[in-house]
Each structure stands twice: as C-alpha cells, then as structure tokens.
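Shown next, in structure tokens, is the structure this report addresses.
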Amino acid sequence: MTDAASPADRGHRMLARVADYQFGAGAGEALFGDREALEITRSTSGRPRQVHAPDGRLVTYNTDGRFTLGVEGGRRLVDALAEPAYRVVVGDDSEPFVRDGKNVFAKFVQTVDPDVRPGDEVAVVHEDGDVLGVGRAELPAEDMLTFETGMAVFVRHGAGE
C-alpha cells in the first residue's frame, strides 16, 4: 500500500506524531491543527526546523528529534492539554521576571506536573493561568516543590520579550 499523501501532508503528520509522543495525545492537533496557517522553515537538507503560526513561533524541531517550545506553542499546549500537563506554576513574585525571560527558581514553584523530568519542555504559568514563558525543566517535579534553592526551569523565552 502506498501513501498517496503529498510530502507536505506527510511532513505535517510526522510533526504531529512527534508532538503527541513528546507532550501526550492531542498535542499534535493543538500545535499544528491549523495547518494552512503554518509556516515551516526547513534546513538545507529539507528537514523541518521551525514552525511558525501567525501569532508567533510554535516550536523548533531539534536534531535530537524533540521540540523546543515557543511562547505561542506553550499557550496552545496549555489550552489543549488537561491541567497540570507540562506546566510549572508560579505566583506574583516570579511573574515579571519570567515574562522577561529570567529563569524560575525552585523556591517560587507553587505547583508542577508530577511527571515533569529534567530536560522536559514546559510552560511556565502564572497561578491565574496566564502563560509567562517556556523553557526546559532542570529538576524533577518533586524537587521543584521541595528544594529551597536551585534553578527549576531554564526559561528560553518569556511572554514579554
């Protein structure tokens, strides 16, 4: 049986499968559902590199086969995935710093998805639900909640940048 889908359709399905694998069922549709509005930049070898929507960058597809989130991608995941999936929640003390792209420290983490592991891409969310930034978890979830010192999330992009 041959795949009659166009190369663009196959590429879109591949990106959606990677998102579902990395973030859970439904993430691919949340990130890439409006495929006509998406702009996919490619490397010189033709491999997908960045995916942009009209509102901003959704993801970058890295050479390790995983995505790094853009702020708009973080917003889409937060809207689509059941709480607390891939979220690190902070309060007012951290809000202006994270918006400016500063890192999240463990003592300021209020709640976190219990399945978060170091290296996972996460959305940093204010306690009122607003996405403040996106980045890479540096600690496991349990340690984010118990440590008084140390970086919990390396913030790659703040929502105010």
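Across segment 39-64, which residue is farthest from A123 (Cα to Cα) among those that are β-branched (V, I, T) and open to solvent by 40 Å² or more (accessible area, probe 1.4 Å)?
From segment 39-64, those β-branched (V, I, T) are 40-41, 44, 51, 59-60, 63; that's our starting set.
When the remaining residues are screened for being open to solvent by 40 Å² or more (accessible area, probe 1.4 Å), the result is 40-41, 44, 63.
Details: I40: 22, T41: 23, T44: 30, T63: 21 Å.
Ranking the qualifying residues of segment 39-64, first place goes to T44.
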*Kindly list, by first and then second residue, each pair from a residue in segment 91-104 that is under 10 Å from V124 (Cβ atoms) to a residue that is open to solvent by less than 60 Å² (accessible area, probe 1.4 Å) and of a type in the set (G, A, S), limited to pairs with Cβ atoms under 7 Å and residues at least 6 apart or on different chains.*
V98/G133; V98/G158; R99/G133; R99/G158; R99/A159; R99/G160; V104/S94; V104/A152
_Residues being without any contact (Cβ under 8 Å) to a residue 60 or more places away in the chain, open to solvent by 20 Å² or more (accessible area, probe 1.4 Å) and within 22 Å of E161 (Cβ to Cβ) - total across segment 127-145_ = 5
*Of the residues that sit in segment 65-124 and are farther than 19 Å from A159 by Cα and assigned to a helix (DSSP H, G or I), which one is least open to solvent (accessible area, probe 1.4 Å)?*
A106
*Pairs with Cβ under 8 Å, 6+ apart, first in segment 12-28 and at pLDDT 95 or above and assigned to a helix (DSSP H, G or I), second open to solvent by 20 Å² or more (accessible area, probe 1.4 Å) and of a type in the set (F, W, Y)*: V18/Y61; F23/Y86
_Subset of segment 9-44 (residues that are in contact with a strand residue (DSSP E or B) (Cβ under 9 Å, 6 or more places away or on another chain), within 19 Å of V78 (Cβ to Cβ) and acidic (D, E))_ = D34
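With respect to E36, is the statement that it is crowded, with 18+ Cβ neighbours inside 10 Å, among the charged types (D, E, K, R) and free of Cβ contacts under 8 Å to residues at least 40 places away in the same chain true?
So E36 fails the test.
The values are calculated or read from the model by the stated rules, or taken from the named source; none is laboratory data. Remember, predicted model here, so these are calculated numbers, not experimental data. For neighbour counting, all protein chains shown are included, and Cβ atoms are generated from backbone atoms with ideal geometry for every residue, glycine included. Areas reflect the complete protein model, heavy atoms only, side chains present, ligands, DNA and RNA absent. Shrake-Rupley method; radii C 1.70, N 1.55, O 1.52, S 1.80 Å.
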